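One structure below.
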Amino acid sequence: MDCVYKNPNAPIEDRVKDLLSRMTLQEKIGQMTQIERRVADPSALKDFSIGSILSAGGSGPFENALSSDWADMVDRFQQAALESRLGIPLIYGIDAVHGNNSVYGATIFPHNVGLGATRDADLAQRIGTATALEVRASGIQYTFAPCVTVKGYPFVAGRNNVIACAKHFVGDGGTEKGINEGNTILSYDDLERIHMAPYLDCISQGVSTIMASFSSWNGRKLHADHFLLTEILKDKLGFKELHRELAREAVRKSLVLLKNGKNPENPFLPLDKNAKRILVAGTHADDLGYQCGGWTGTWHGCSGRITIGTTILDAIREAVGDKTEVIYDQYPSPDSLAGKNFSFAIVVVGEPPYAETLGDNAELVIPFNGSDIISSVADKIPTLAILISGRPLVLEPWLLEKVDALVAAWFPGSEGGGVTDVVFGDFEFEGRLPMTWFRSINQLPMNAGHNSYDPLFPLGFGLTCNKEKSVE
């Protein structure tokens, strides 16, 4: 074989050295370049030796494309790359941040904030493995995940022939007012102490790539920060360049019980599966898109039945007894509640899906008049409120007083059965808050251990249905 770099039996270092010696400057630039799928065409891959393609959020072969459709598309691009002068294979990337979320029918797991609430590293690793298998089945070799801010943790280092990407280095979870691509104002010592630990874990596990943050540190853009990217990341840290049941388990373990009964001696949960009549209400009870959150199908996500899965309403109907009547009313009025003799109500409200800047929010109140929906129902019926969100939201004292039970479900993903598994008592609550739950936005930023630390619910808080036991 004339070309050493094409010989699979030759040492890797020899193959790399031989290939680099044959490359023109234009080919080296091409290999350092990643282009978006929408502007990629076979001639560009062949003529410019492009190294990588990214399918950004919502950028797929066509709407509701299956894994096989993605694989066919990637194969076409790969064939074009192999027809370049040196025949260097292409690396195809995607944001698979909570499952292979751009592929129709893929398993959609809870978002990272929910996995943080599980405190279960083994579960997170199994989710990473499952995601890698589904990504590889679609022909893709590279995922821009996990996001390892201080409110998350790494769950895959690059297994099952899929390259992982830890992001966004560093401090993107500590920007002023939580603004996407904002400014983190900290000394280096605090930046290292608070924000760098997850990257040490990723590097020690052999993560293949790390994405620099679009945010700034003390006013300096991270992409232009030689000190952090070279002196710290590369030199000091040493950086060198089945599934639906698993998702349901992840939902179960991520739920955080914030309140259970108006009297601690009389817990409201678990609910009775054989109750005579149940009201299900709220904007998020029967909306799979709202349940899955951002990075699902499209970049920011959307409402509706956007993928295969089980809404919380579907799961309630499956969980209860044959003689139990389930009535669904998204926006119940006082008149519609009168005289119905409901045993209890389950009200599911929360945030719309979002990603990155679209999620910036200075108010952090429950959208879509969620508090009013809860209030109108809880005035008439004993009520469990389930909050779907990517972060803590403002919970007014009067609202907390009205509800009988409150669960933080985060963005749980496609498997609503994980919610009913717990609220109806088949499994115990295990989740603990992965971050502090503030009383008011005026308290932000809030960190555990600070002199003024006075949260509504502290970091690590979580109740169980067993009044003798708490996971605080």
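Readers should treat all values here as calculations from the given coordinates under stated rules, not as data from a laboratory. Nothing here was measured: the structure is a model prediction, and the numbers come from that model. Using ideal geometry, Cβ is built from the backbone for each residue, glycine included, and neighbour counts are taken over all protein chains shown.
Rounded to the nearest 500, what is the 222 nm mean residue ellipticity of the chain from helices alone, with -39500 (n - 2.57) per DSSP H run of 4+ residues and division by all residues?
Values: 15 runs with 132 residues, N = 472.
Value at 222 nm, helices only, nearest 500: -8000 deg cm²/dmol.
What order do you get for Phe344, Phe144 when you list them from fewest to most C-beta neighbours inside 10 Å?
Numbers: Phe344 18, Phe144 21.
Sorted ascending by nearby Cβ count, the order is Phe344, Phe144.
As a footprinting exposure proxy, order Glu13, Glu27, Glu415, Glu134 by other Cβ within 10 Å, with the fewest listed first.
Fewest to most other Cβ atoms nearby, the residues stand as Glu13, Glu27, Glu134, Glu415.
Under the rule of at least 5 residues apart or a separate chain, name every residue whose amide H is placed under 5 Å from the amide H of Phe169.
Under 5 Å from the amide H of Phe169: Met211, Ala212, Ser213.
Please arrange Thr143, Thr33, Thr131, Thr420 by counting, for each residue, the other beta carbons lying within 10 Å of its beta carbon, fewest first.
Thr33, Thr143, Thr420, Thr131
Can you tell me the alpha carbon radius of gyration of the stretch 72-135 divided by the globular rule-of-thumb value 2.2 N^0.38 Å?
Working: Rg = 15.9 Å, N = 64, 2.2 N^0.38 = 10.7 Å.
Against the empirical 2.2 N^0.38 Å value, I get 1.49 for the stretch 72-135.
From Cα coordinates alone, what are the radius of gyration and Dmax values for the stretch 200-301 in angstrom?
Rg then Dmax for the stretch 200-301, in Å: 22.8, 66.
So which lysines pass the test for Lys17, namely a Cα distance under 30 Å, with those fewer than 8 places away in the same chain ruled out?
Lys6, Lys28, Lys46, Lys167, Lys234, Lys236, Lys240
According to the Cα gyration tensor, what semi-axes, each the square root of 5 times an eigenvalue, does the equivalent ellipsoid of the stretch 4-243 have, listed from largest to smallest in whole Å?
30, 24, 17
Using only the alpha carbons of the chain, what is the convex hull's orientation-averaged projected area in square nanometres?
Average projection, Cα convex hull of the chain: 24.3 nm².
Averaged over all directions, how much area does the convex hull of the C-alpha atoms of the stretch 403-471 cover when projected, in nm²? Mind showing how you got there, number by number?
Working: hull surface 24.0 nm².
With every direction weighted equally, the projected area is 6.0 nm².
Size of the stretch 255-443 along its principal axes in angstrom, Cα-based, largest extent first?
Ordered largest first, the stretch 255-443 gives principal extents of 45, 38, 35 Å.
Quick one: if the Förster radius is 30 Å, what FRET efficiency do Ala275 and Ser303 give, using the C-beta to C-beta distance and rounding to 0.05?
Numbers: r = 29 Å, r/R0 = 0.96.
Computed FRET efficiency for Ala275 and Ser303: 0.55.
Taking the alpha-carbon distance from Lys340 and a cut-off under 25 Å, which lysines remain once sequence neighbours fewer than 8 residues away in the same chain are dropped?
Result set, ordered by chain and number: Lys262, Lys273, Lys276, Lys323, Lys380, Lys402.
How many times 2.2 N^0.38 Å is the alpha carbon radius of gyration of the stretch 372-439? Don't skip to the end; give the middle numbers.
Numbers: Rg = 12.8 Å, N = 68, 2.2 N^0.38 = 10.9 Å.
Relative to the 2.2 N^0.38 Å estimate, the stretch 372-439 comes out at 1.17.
Which percent, to the nearest 5, of DSSP beta bridges fully inside the chain are antiparallel? Walk me through the numbers on the way to the answer.
Numbers: 11 of 48 bridges.
Taking every DSSP beta bridge with both residues in the chain, the antiparallel ones total about 25 percent.
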